[in-house]
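Shown next, in structure tokens, is the structure this report addresses.
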Amino acid sequence: MKVRDFFLKKRVETKGPRDFYITAGTYDNFLKPLSEEFNKYNVEMNEIIFFSILLSAKNRKNSSSNSELHDHSRKNGSEGSPKGIFNISELDQDKMNFLLSVMVYLYGYESIFDYKDMIKKLEDLAEEGLKILHDKYAKQYMMSPSKFADNIFKGEL
């Protein structure tokens, strides 16, 4: 069975969410401004989400203790209705492989069998990663948004 088929089968079996959501506060404060800047480079919103998941996964794996692994978005008071970012069922094989790989990397292979929990964790990773992408790098290094985007594409972040 291909990963994509497994992923979609788990979604149907558990009647899990079809859409990938982030909180309205995260959308307004982090994703929207980043998306507006990256749009100049023809980078789609879901690509920003995947990059954010990668940043968060790297940050968590490099953490000195597992106590730093936490539900970032919900505990930090992001407000408003959740915003659907993309339809999970429409992701291609490579993107689904990436999502499952992140889950196994951070939480072990058992984590991929509970679809609802997996999606929640991935959404939390995305929100945490968006905050990292926006705050830690953009503000810490005091870069303009266009210079920040240029540095990402040059591989300097």
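Numbers below:
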| read-out | value |
| --- | --- |
| Set of aspartates and glutamates near residue 2 by C-alpha distance (under 19 Å), chain-local residues within fewer than 8 positions excluded | 13, 90, 92, 94, 110, 114 |
| Integer Hz, Karplus 6.51/-1.76/1.60 couplings in order for region 44-57, x for Gly and Pro | 7, 4, 5, 5, 5, 4, 5, 5, 5, 4, 4, 4, 5, 4 |
| Cβ-defined net charge surrounding residue 93, 10 Å radius [Lys, Arg +1; Asp, Glu -1] | 0 |
| Probe 1.4 Å, all protein chains present, accessible-area order of 28, 19, 94, largest first | 94, 28, 19 |
| Additional length obtainable on full extension of the chain from residue 109 to residue 87, 0.36 nm per residue less Cα span | 5.6 nm |
| Length added when fully stretched, residue 15-residue 41, from 0.36 nm per residue minus Cα-Cα | 5.7 nm |
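The values are calculated or read from the model by the stated rules, or taken from the named source; none is laboratory data. Computed from a prediction, not measured in an experiment: that's the story for all the values here. Glycine also receives a Cβ, built like all others from the backbone with ideal geometry; neighbour counts cover every protein chain displayed. Protein only, heavy atoms only, side chains kept; ligands, DNA and RNA dropped before computing areas. Shrake-Rupley method; radii C 1.70, N 1.55, O 1.52, S 1.80 Å.
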